[in-house]
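**Q** Got a structure here, written out as structure tokens. Questions coming.
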Amino acid sequence: MIDTHAHLDALEGIDEILTRARDAGVTRVVTIGTGIESSRRALAIAAEQPGVYAVVGIDPHQAATPEASKVGELRELVGNPCVVAIGETGLDGHHGAETLHEQRALLDDQLALASDLGLAVVIHSRAASAETAAALAPFPGAVILHCFSEPDLLEPALERGYFVSFAGNVTYPKAQSLRDAATRVPIDRILAETDSPYLAPQPVRGQRNEPLHVLHTLAALAEARGQAPDELELRIDENANVAFGLGS
Ligand SMILES: [Zn+2]
């Protein structure tokens, strides 16, 4: 099993965390940068740990800070062979409606970078589904909608063949609309993630999240879709290989 979205650089005790994950069968993790230093740490972890891949980017929460001017530094990091995508980047109208203009500029810069390099993008979209769909429309590469939480984004995602990644919040009792969305994602486009250390799934809700817990998300997705968990797991692994261009 693969956890397609974790912030390992925000966790302490990575060796123990990855050992616990591997022992449970979660043998691969994509670790996601949120800024330049975070992306450097993600690369260092990926270089050191088998089965860990890095995504580098500047997240939308930093769009109105000096970090947003560092896309050039990002360009220097992407030559590293551990990099499998650009992100996370995107638009957040919940935490930062007042900076949406700057967020869009930062997103566009990173889409241009990914496009130049033929890399996938990992997209954060919250309370900004229409704006996100508009920004992504001209992007030619693979799109991974991380922590899918906006049912309004499902139609464009299905039309355009985006990968749709579900996080721990799909396990929450009130999240029926997300489980419904999960039943509509084609079997070759669905992914699962933890967004560790955030968003721990229902059985461990309130605790610090870690990659091992992607198995709870897998179980919830399998149940919603009426599929066997081990069958869905295989498909998610294959989908991740395609989305991020990983060797299997
Ligand atoms: Zn994240």
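The values are calculated or read from the model by the stated rules, or taken from the named source; none is laboratory data. All of these numbers come straight from a predicted model, not from anything done at the bench. All Cβ positions, even for glycine, are placed from backbone atoms using ideal geometry, and neighbour counts span all protein chains on display.
**Q** Of the numbered conditions (1) crowded, with 19+ Cβ neighbours inside 10 Å; (2) away from the ligand (no atom under 16 Å from the Cβ); (3) within 25 Å of P140 (Cα to Cα); (4) not acidic (D, E), V55 fails exactly one; give the number of that condition.
**A** (2)
**Q** Another question, then. Restricting attention to region 59-80, which residues are within 16 Å of the ligand (Cβ to nearest atom) and either among the hydrophobic types (A, V, I, L, M, F, W, C) or within 16 Å of L119 (Cβ to Cβ) (or both)?
**A** A63
**Q** A follow-up question, please. Is there any pair linking a residue in region 131-147 that is within 15 Å of P60 (Cβ to Cβ) to one that is within 16 Å of the ligand (Cβ to nearest atom) and in a loop (DSSP other than H, G, I, E, B), with Cβ under 8 Å and at least six apart or on different chains, and which?
**A** That search, which allows pairs on different chains as well, returns T132/E150; H146/A167; H146/E193; H146/D195; C147/A167; C147/E193; C147/D195; C147/L199.
**Q** Let me ask something additional. Exactly one condition in (1) away from the ligand (no atom under 16 Å from the Cβ); (2) surrounded by 16 or more Cβ atoms within 10 Å (Cβ to Cβ) is not met by L91; state its number.
**A** Of (1) away from the ligand (no atom under 16 Å from the Cβ); (2) surrounded by 16 or more Cβ atoms within 10 Å (Cβ to Cβ), only one is false for L91: (1).
**Q** If the requirement is being away from the ligand (no atom under 16 Å from the Cβ) and either closer than 14 Å to I144 by Cα or free of Cβ contacts under 8 Å to residues at least 12 places away in the same chain (or both), which of these qualifies: E193, E223, E233?
**A** Result of the check over E193, E223, E233: E223.
Okay, residues lined up against (1) surrounded by 24 or more Cβ atoms within 10 Å (Cβ to Cβ); (2) at positive phi:
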residue: A97; (1), (2): no, no
residue: H101; (1), (2): no, no
residue: D109; (1), (2): no, no
residue: A112; (1), (2): no, no
residue: G141; (1), (2): no, no
residue: G161; (1), (2): no, yes
residue: A167; (1), (2): yes, no
residue: S177; (1), (2): no, no
residue: R184; (1), (2): no, no
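**Q** Another one. Return yes or no: is R28 within 16 Å of the ligand (Cβ to nearest atom) and modelled with pLDDT of 95 or more?
**A** Here the answer is no, as R28 does not meet what is asked.
**Q** While we're on this one: Taking the conditions exactly as written (of a type outside the set (V, I, T), over 16 Å from L154 (Cβ atoms) and crowded, with 23+ Cβ neighbours inside 10 Å), does A105 satisfy them or not?
**A** For A105, the condition - of a type outside the set (V, I, T), over 16 Å from L154 (Cβ atoms) and crowded, with 23+ Cβ neighbours inside 10 Å - is not met.
**Q** Which members of region 45-62 meet the condition of being assigned to a strand (DSSP E or B) and either in contact with a Pro (Cβ under 8 Å, 6 or more places away or on another chain) or among the β-branched types (V, I, T) (or both)?
**A** Selection gives V52, V55, V56.
**Q** For region 126-174, which residues satisfy the criterion of being more than 22 Å from R225 (Cβ to Cβ), touching an Asp or Glu at 6+ places or on another chain (Cβ under 6 Å) and among the small types (G, A, S)?
**A** S129
**Q** A114 is checked against (1) more than 18 Å from A167 (Cβ to Cβ); (2) assigned to a helix (DSSP H, G or I); (3) out of contact with any Ser or Thr (no Cβ under 9 Å at 6 or more places or on another chain); (4) not aromatic (F, W, Y) and fails just one. What number does that condition carry?
**A** (3)
**Q** Of all residues in region 96-124, count the ones that are within 16 Å of the ligand (Cβ to nearest atom) and under 20 Å from C82 (Cβ atoms).
**A** Final tally of qualifying residues: 4.
**Q** Being surrounded by fewer than 16 Cβ atoms within 10 Å (Cβ to Cβ) and of a type outside the set (V, I, T) is the requirement here; does R189 meet it?
**A** No: the conditions fail for R189.
**Q** Then there's this: Against the conditions (1) at pLDDT below 95; (2) touching a helix residue (DSSP H, G or I) at 6+ places or on another chain (Cβ under 9 Å), where does A97 fall short? Just the number, please.
**A** Of (1) at pLDDT below 95; (2) touching a helix residue (DSSP H, G or I) at 6+ places or on another chain (Cβ under 9 Å), only one is false for A97: (2).
**Q** Among the residues of region 199-237, count how many are acidic (D, E) and either exposed (fewer than 15 other Cβ atoms within 10 Å of the Cβ) or modelled with pLDDT under 95 (or both).
**A** 3
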